[in-house]
Amino acid sequence: ALAIVAPSVAFAQTTGEVGVHYNNIDVDGGPDVDVYGLDLGVAHDFGGFAVQGQAVSGRYESGGDFGIGNVSIAAGMRNDAYAFYGFVGHTSFGSDSANIGVGGQYHLDRLSFNGSLGVADFNGADVRAVNLDGAYFITDNFGVMAEVGYAELRGGGDADGTSAGIGGIYRFDNSPLTLDFGYRRNDYDSGDSDVFRLGASLSFGTSSAREAARSGPSFNGGQRLLESSINFF
């Protein structure tokens, strides 16, 4: 088995990112929440079939502090124009959830789109979320982004909500360092909030931000499901 697999692994393209992020969540009628976190993603492309692992660890600080963790694995087909994948994962922040979903990507010359549909099962209380986002790369290393999402909670008190946001990404030329920033507005039955994000990451296996969006660890269905789920709890 190793003799068969080894040649494929040898010719696989490996990409990855490791980074940090800071979020400030301004809850309407409530306190501000500071979030500090670590991000890790690794992807392997086996000539049209891609596998990705992703992990997020964060600390929420607002009066009492608590941690949050998420791991997900995605796999599917990928080429220069589009990708389709499925993902499974696990989230923990006070209550644990098993996550599952599907996603896709579509790329034009300077445009990249992501879409995903996911379900998180928090011991019988299900979060169902659909998210769309897109990035336009003005240069290979500078892009502007927009996103929209809808999520609903079923069981344990029904609720739903929408989100919309804008942002940007900048990677220094001939460098692995990437900066990202963004703003998101959440309008949820459980509470409305404004989220401001700053992030920095180091990339390997890609030479530009535009390339990373197409062939890096960019399957973001698990991440977007996590962001939707947090708004209900």
Original post:
Pick from ARG210, ARG214, ARG171: which is of a type in the set (Lys, Arg), more than 24 Å from SER92 (Cβ to Cβ), touching a residue at least 24 places away in the same chain (Cβ under 8 Å) and in contact with a Leu (Cβ under 8 Å, 6 or more places away or on another chain)?
Top reply: ARG171
Original post:
If you check LEU225 against the conditions, is it open to solvent by 70 Å² or more (accessible area, probe 1.4 Å) and either closer than 26 Å to PRO31 by Cβ or assigned to a strand (DSSP E or B) (or both)?
Top reply: no
**OP:** Could you tell me whether the stretch 55-78 includes any residue that is modelled with pLDDT under 95, assigned to a loop (DSSP other than H, G, I, E, B), open to solvent by less than 60 Å² (accessible area, probe 1.4 Å) and out of contact with any Gly (no Cβ under 7 Å at 6 or more places or on another chain)?
**Re:** no
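Got a number for residues in the stretch 113-124 being within 18 Å of ASP180 (Cα to Cα) and either polar (S, T, N, Q) or open to solvent by less than 40 Å² (accessible area, probe 1.4 Å) (or both)?
To start, the set of residues in the stretch 113-124 that are within 18 Å of ASP180 (Cα to Cα) comprises 113-114.
Subsequent filtering for residues that are either polar (S, T, N, Q) or open to solvent by less than 40 Å² (accessible area, probe 1.4 Å) (or both) retains 114.
Summing the residues that are within 18 Å of ASP180 (Cα to Cα) and either polar (S, T, N, Q) or open to solvent by less than 40 Å² (accessible area, probe 1.4 Å) (or both) in the stretch 113-124 gives 1.
Taking GLY182, is it over 25 Å from GLN13 (Cα atoms) and not β-branched (Val, Ile, Thr)?
Details: over 25 Å from GLN13 (Cα atoms): yes; not β-branched (Val, Ile, Thr): yes.
Judged against the criteria, GLY182 is a match.
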Subject >> Pairs, first farther than 13 Å from GLY58 by Cα and free of Cβ contacts under 8 Å to residues at least 40 places away in the same chain in the stretch 20-40, second among the charged types (D, E, K, R) and open to solvent by 30 Å² or more (accessible area, probe 1.4 Å), C-beta under 8 Å, six or more apart >> reply: ASP32/ASP26
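Please go through the stretch 208-233 and pick out each residue that is among the hydroxyl-bearing types (Ser, Thr, Tyr), at pLDDT 95 or above and within 16 Å of HIS44 (Cα to Cα).
So the first thing to find is which residues in the stretch 208-233 are among the hydroxyl-bearing types (Ser, Thr, Tyr), and the list is 208, 215, 218, 228-229.
So of that shortlist, the ones also at pLDDT 95 or above come out as 208, 218.
Hit for the stretch 208-233 is SER218, nothing else.
Tell me whether the stretch 24-33 contains one or more residues that are at positive phi and open to solvent by 80 Å² or more (accessible area, probe 1.4 Å). Quick ask: steps written out before the conclusion?
Start the filter on the stretch 24-33 by keeping residues that are at positive phi, which leaves 29.
Of the ones still in play, those that are also open to solvent by 80 Å² or more (accessible area, probe 1.4 Å) are 29.
So far as the stretch 24-33 goes, yes, one or more of its residues are at positive phi and open to solvent by 80 Å² or more (accessible area, probe 1.4 Å).
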**OP:** Taking the residues in the stretch 79-92 that are touching a Lys or Arg at 6+ places or on another chain (Cβ under 9 Å) and in a strand (DSSP E or B) as candidates, determine which candidate is nearest to GLN105 (Cα to Cα).
**Re:** ALA83
Original post:
Can you tell me which residue in the stretch 208-222 is nearest to LEU179 (Cα to Cα), limited to those that are polar (S, T, N, Q) and under 14 Å from the mean Cα position of the chain (by Cα)?
Top reply: SER218
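The values are calculated or read from the model by the stated rules, or taken from the named source; none is laboratory data. Just so you know, these numbers come straight off a predicted model, no measurement behind them. When we count neighbours, we look across all protein chains shown, and the Cβ atoms used for this are built from the backbone with ideal geometry, even at glycine. To get the accessible areas, we keep the full protein, side chains included, count just its heavy atoms, and leave off ligands, DNA and RNA. Shrake-Rupley method; radii C 1.70, N 1.55, O 1.52, S 1.80 Å.
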